Amino acid sequence: MPLYKQRLLLTSTMTTREFTMTQVSGAKLSISQSSFGQTSSGTAAELFTLTNAQGMVVKITNFGGIITEIHVPDKHGVFTDVNLGFDNIESYQQKDVPYFGALIGRFGNRIANGKFTLDGETYSLATNNGNNHLHGGLVGFDKVVWDATSFESTNSVGITLKYLSVDGDQGYPGNLDVSVVYELTNNNEILVKYHAITDKATPINLTQHAYFNLAGKGDVLDHEVMINADHFTAINDEAIPTGELPSVANTPFDFRTPRLIGERINQDDKQLKNGNGYDHNFVLNKAHANELSLAARVLEKNSGRVLEVFTQEPGVQFYTSNWMDGSLMGKGWNYARRSGFCLEPQHFPDSPNQPLFPNTILRPGKEYTSVMSYKFSVVA
């Protein structure tokens, strides 16, 4: 057994009393489709409602590939939406909405100064985060309408999303043909499968940007988090990687054993100040490259809800909604600071400008593939 798996078994306080969710009376696999309104440019969007045999419900729109709702039970069987977002497409198109539930691309996270050099040519990208490029630019994959088809199998339901990002889109080279599969299984797991091909070399780093609150209300400071990482990516005051990968040991970034989000988030630490809290890439411990393995586990003790994040990616961005200020309202409550947390599987930020980071360049004739999942359970 790999050492990191041994460590998880020995140190996690969340495994000893875990039990699976029982099937809700009358629940069965189903998927339905309805209108989600129109974009500001007049393009129609659809909303897909996925239900599994346990009664878990996930709603996804083909506008931005956004997960709008995730309903899972607590330890008493009471279902709650644990996903931050909105009830309508108009709200998702407000200015400065922080990527609630969205698909992110072409490149998740930041690229310094919106520039990179590839094969001797320098490319300038749209800058939408100060001087830097963030989450694909001004019109990233989170703001386009994807072609969508639904499917159903013996143990799952889902949708397949497709989009062609043309050469020059937000400054990126090459026509990038992308498909993303969302699949809800009877094991209370949301699988996300990414695939892309290109006709010209281009950076790619796709991810999912769901914001979670396992209590369904309030802040997330009492959520208990484990992240399977010995190192993290240090950043400067613009949240751009310095190139250093410091150890998490003896820092507020050590989540190798479960710790409360709020336990150390306000410590006098330069990296926390640079991120205004946790907004950092963690370098995941992997026994083998590209293996689908546990990246993080989160427990909300009052409800008993548990979220596990699995990924093939080498990193995961842990973000604690540091910039939300209560000005956005959705689903009946104001999204204040620390209202949610994100765990975004990814390659490292600014990789096109960081030669020592894992490669993010996709070339013609090659395929980009990656699989991740959100798995839900409860503890007594």
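Of note:
- Over the stretch 33-101, the fraction of Cα-Cα pairs per 10 Å bin, rounded to whole percents and listed from the shortest bin up, is 20, 48, 24, 7, 0.
- Spherically averaged projected area in nm², based on the convex hull that wraps the Cα atoms of the stretch 260-304: 4.8
- Spin-label zone in the stretch 310-345 - amide nitrogen under 17 Å from a point set 7 Å from the Cα of Asp222 along the C-beta vector: 338-341
- Only helical runs count toward this figure. For the chain, summing -39,500 (n - 2.57) over DSSP H runs of n ≥ 4 and dividing by all residues gives -1000 deg cm²/dmol at 222 nm.
- The ranking of Asp142, Asp325, Asp81 from fewest to most other beta carbons within 10 Å of each one's beta carbon is Asp325, Asp81, Asp142.
- Long-range HN-HN contacts of Gly330 with modeled amide H, under 5 Å: Tyr335
- For the stretch 303-320, 3J(HN,Hα) per residue [Karplus equation, 6.51 cos²θ - 1.76 cosθ + 1.60, θ = phi - 60°, Hz, x = Gly/Pro]: 8, x, 6, 10, 10, 10, 10, 10, 7, 8, 6, x, x, 9, 8, 9, 10, 10
- All Cα pairs of the stretch 93-225, percent lying beyond 26 Å: 33
- Computed from the C-beta positions of Ala27 and Asp147 and an R0 of 30 Å, the FRET efficiency is 0.55 to the nearest 0.05.
- Each part reduced to its alpha carbon centroid, the stretch 280-338 and the stretch 61-119 end up 12 Å apart.
- Across all Cα atoms of the stretch 35-156, the radius of gyration (one decimal) and Dmax (whole number) stand at 17.5, 59 Å.
- Straight-distance crosslink candidates among lysines, where the alpha carbon sits under 20 Å from Lys143 and sequence neighbours closer than 8 are dropped: Lys59, Lys95, Lys162, Lys193
All of the numbers you see were taken from the coordinates with simple rules; none came from a lab. As the structure is a computational prediction, the values presented were derived from the model and not from experiment. Positions of Cβ are backbone-derived with ideal geometry, glycine not excepted, and every protein chain shown enters the neighbour counts.
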